[in-house]
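J.: Take a look at the following structure, please.
The values are calculated or read from the model by the stated rules, or taken from the named source; none is laboratory data. Here the structure is a predicted model, which means the values were calculated and not measured. Neighbour counts run over all protein chains shown; Cβ positions are idealised from the backbone, glycine included. Ligands, DNA and RNA are excluded from the accessible area calculation, which covers all protein heavy atoms including side chains. Shrake-Rupley method; radii C 1.70, N 1.55, O 1.52, S 1.80 Å.
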Amino acid sequence: MERSDIEVLIIGAGPAGLGCALALKKAGIENFRILERSMVGASFEAWPREMRMITPSFHGNPFIQTDLNAVNPATSPADLFGREHPSGAQYAAYLRAVVQHYQLEVSEGVSVKQIKPQGRRFTVSTSSGEIDAGAVIWAAGEFGLPRTAVFAGAALCWHNSTIQSWAKWPGQASIVIGGYESGIDAAYHLVQAGKRVQVISKGEPWLADSADPSEALSPYTKERLVHILQAYPGQLELIGQSEVIKVARCADTFKVTLADGRTLETGSPPILATGFRSALTPVRDLFEWSGEHPVFTEEDASTLHPGLFYSGPSLVQRGSKFCFIYKFRARFGVVARAVADHLGQSVHPDLDAYAARGFMIDDLDCCVDCQCALDEADTETIEDLEVVQ
Ligand SMILES: Cc1cc2nc3c(=O)[nH]c(=O)nc-3n(C[C@H](O)[C@H](O)[C@H](O)COP(=O)(O)OP(=O)(O)OC[C@H]3O[C@@H](n4cnc5c(N)ncnc54)[C@H](O)[C@@H]3O)c2cc1C
């Protein structure tokens, strides 16, 4: 087993891990390493082939309006691909281009098994040995943690994150459980593939009137929803204010039972568009929790173990999740500065440019009244979810 020492260890080579790495460089910290259990941008490579980013890309960088999907102020997926809504594969290619251009050291195929705090340092056990690190940034994403145990019989369903392409999905009719972005995205592609689709949702997000894409549907998804409703009349049924309580197998069909007693049937497995669990689930014990919500310092660190930071969509500050790239990237500079502080290093003035570009927002009031407000589903305990599986 190899053992090595490093100043900062970043776990995960998605937008959060790479974005933090670039901010560390700006802060003057060069002795860091990124560990990635699979490959750079792995989550994006695993998206259903037809899926596109809902946040639009546009190269406004020179006018201090950085592309919403960029991980630093100087790059732009729109500029790279000439696409406003990149596919998962394109976004992964953008991340690989970032790694190459900035010569970031990423160890692919190395999985982190355990993080043990040792005073102000950390011993990190990985699939290729132990690493001693002065600070750790957990940026391992939510994608590998689909929220699946949501009602009795949920194991009979397929989570949308496990589907490679909607084009080959079997059957003439489909039931999608969940009516937010990924549920409507699934419905859009299934209807276009000639299927009749029923979308069941606890609320009616398609009617919500909010400018924020994490509260209501994004403009991109609203446009696509209107398109299928007009171009394929009768193929899509939106069933709002309805909760699924059970899915059961009956001979060749799947029977979906709603809380009000109604039942629906489909020949193909129902599709779960029920979101993801917190990215902190694998390191749960290293963070403080308030119910099912992680608690962070004002610099996005663990309140229990100084020097352990989190970056990514499960960040919660002021009761809101920083669930989109343009939200959590606003903290890259803050994390880099706090890491330097933890290591007792002075911060390089280059980081100031991050503040000017919205990559180092200190004022957490930016997330008040928003947006990824924590919903009821997030308050279920993991234990509750496991009981019904
Ligand atoms: C289906 C879907 C669509 C989305 N669409 C958008 C969108 O359009 N716009 C937007 O802004 N946001 C979107 N999001 C939000 C999402 O949070 C981000 O897109 C992004 O993936 C989060 O970045 P991340 O770096 O935290 O996680 P990831 O991109 O998932 O990266 C984490 C990396 O960590 C690695 N890893 C995990 N565990 C370990 C371990 N133990 N050891 C080593 N490596 C590990 C994984 O392999 C992965 O490569 C979407 C999310 C999903 C799930």
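J.: Only sites in a loop by DSSP and with at most 14 other Cβ atoms within 10 Å count here; which trypsin sites (Lys or Arg not before Pro) in the stretch 1-97 make the cut? Write out the running numbers ahead of the final one.
T.: Numbers: sites: ARG3, LYS25, LYS26, ARG33, ARG37, ARG49, ARG52, ARG83, ARG96; in loops: ARG37, ARG49, ARG83.
When the trypsin sites (Lys or Arg not before Pro) of the stretch 1-97 are filtered for loop state and at most 14 Cβ neighbours within 10 Å, ARG49 remain.
J.: In square nanometres, what is the average projected area of the Cα convex hull of the stretch 154-272?
T.: On the way: hull surface 28.6 nm².
Averaged projected area of the stretch 154-272's Cα convex hull equals 7.2 nm².
J.: For HIS85, what residues show an amide H to amide H distance below 5 Å, using hydrogens built from the backbone and excluding near sequence neighbours?
T.: Sorted by chain and number, the residues that satisfy this are SER57.
J.: With a 1.4 Å probe and all protein chains left in place, how much accessible area per residue does the chain have, in Å²? Spell out each step's value before the answer.
T.: Details: 16990 Å² over 389 residues.
Spelled out: the 1.4 Å probe surface of the chain, per residue, equals 44 Å².
J.: How large is ³J(HN,Hα) for each residue in the stretch 161-172, as worked out from phi by the Karplus curve 6.51 cos²θ - 1.76 cosθ + 1.60 (θ = phi - 60°), to whole Hz, x for Gly and Pro?
T.: Along the stretch 161-172, the couplings run 6, 9, 9, 7, 8, 6, 4, 9, 5, x, x, 9 Hz.
J.: Whole Å is fine, so just give me how far the alpha carbon centre of the stretch 62-94 lies from that of the stretch 206-258.
T.: Each part reduced to its Cα centre gives a spacing of 29 Å.
J.: I'd like the Karplus ³J(HN,Hα) series for the stretch 58-64: coefficients 6.51, -1.76, 1.60, θ = phi - 60°, whole numbers in Hz, and an x wherever there's a Gly or Pro.
T.: With the stated coefficients, the stretch 58-64 comes to 7, 7, x, 3, x, 9, 6 Hz.
J.: Still on this structure: Quick one: with all protein chains in place, what share of the accessible area of the stretch 101-217 is carbon or sulfur, to the nearest percent (1.4 Å probe)? Please report the intermediate quantities before stating the final value.
T.: Numbers: 2380 of 4860 Å².
Roughly 49 percent of what the probe reaches on the stretch 101-217 is carbon or sulfur.
J.: Determine, for each peptide in 131-144, 62-75, the mean count of other beta carbons within 10 angstrom over its residues, then list the peptides with the highest first. Mind showing how you got there, number by number?
T.: Details: 131-144: 23.5, 62-75: 18.7.
Going by the mean number of other Cβ atoms within 10 Å, highest first, we get 131-144, 62-75.
J.: Given the C-alpha atoms of the stretch 299-348, compute the convex hull and give its volume per residue in Å³.
T.: Values: hull volume 3.5 nm³, N = 50.
Expressed per residue, the convex hull around the Cα atoms of the stretch 299-348 is 71 Å³.
J.: Specify which residue in the list GLY333, PRO233, GLY14 is farthest towards the positive end of the charge dipole of the chain, using unit charges on the beta carbon of Lys, Arg (+1) and Asp, Glu (-1), about the Cα centre.
T.: PRO233
J.: Taking the Cα centre as origin and putting +1 on Lys and Arg beta-carbons and -1 on Asp and Glu beta-carbons, what dipole magnitude results for the chain, to the nearest 20 debye? Display every interim value, and only then the final one.
T.: Numbers: 33 positive and 47 negative charges, 212 e Å.
With only Lys, Arg, Asp and Glu charged at Cβ, the dipole is about 1020 debye.
J.: Now a separate question. Using amide H atoms built in the peptide plane, which far-off residues or other-chain residues are under 5 Å from ARG49 H to H?
T.: The list, which skips near neighbours in sequence, is SER165, TRP166.
J.: Among DSSP beta bridges whose residues both lie in the chain, state the antiparallel percentage, nearest 5. Don't skip to the end; give the middle numbers.
T.: On the way: 32 of 64 bridges.
Counting only bridges with both partners in the chain, antiparallel ones make up about 50 percent.
J.: While we're on this one: To the nearest whole percent, what portion of all C-alpha pairs in the stretch 95-134 is separated by more than 14 angstrom?
T.: Values: 439 of 780 pairs.
So the portion of pairs separated by more than 14 Å is 56 percent.
J.: In whole Hz, with x marking every Gly and Pro, tabulate ³J(HN,Hα) for the stretch 284-292 from phi via Karplus 6.51 cos²θ - 1.76 cosθ + 1.60, θ = phi - 60°.
T.: Karplus-based 3J(HN,Hα) across the stretch 284-292 equals 3, 5, 8, 10, 7, 10, 10, x, 9 Hz.
J.: Can you list residues from other chains, or at least 5 along the same chain, whose modelled amide H is less than 5 Å from the amide H of VAL176?
T.: Amide H to amide H, under 5 Å and 5 or more residues apart or across chains, VAL176 pairs with GLN198, VAL199, ILE200, ILE271.
J.: Tell me, Kirkwood radius of the chain from alpha-carbon pair distances, in Å?
T.: On the way: mean 1/r = 0.0457 Å⁻¹.
Answer for the chain: a Kirkwood hydrodynamic radius of 21.9 Å.
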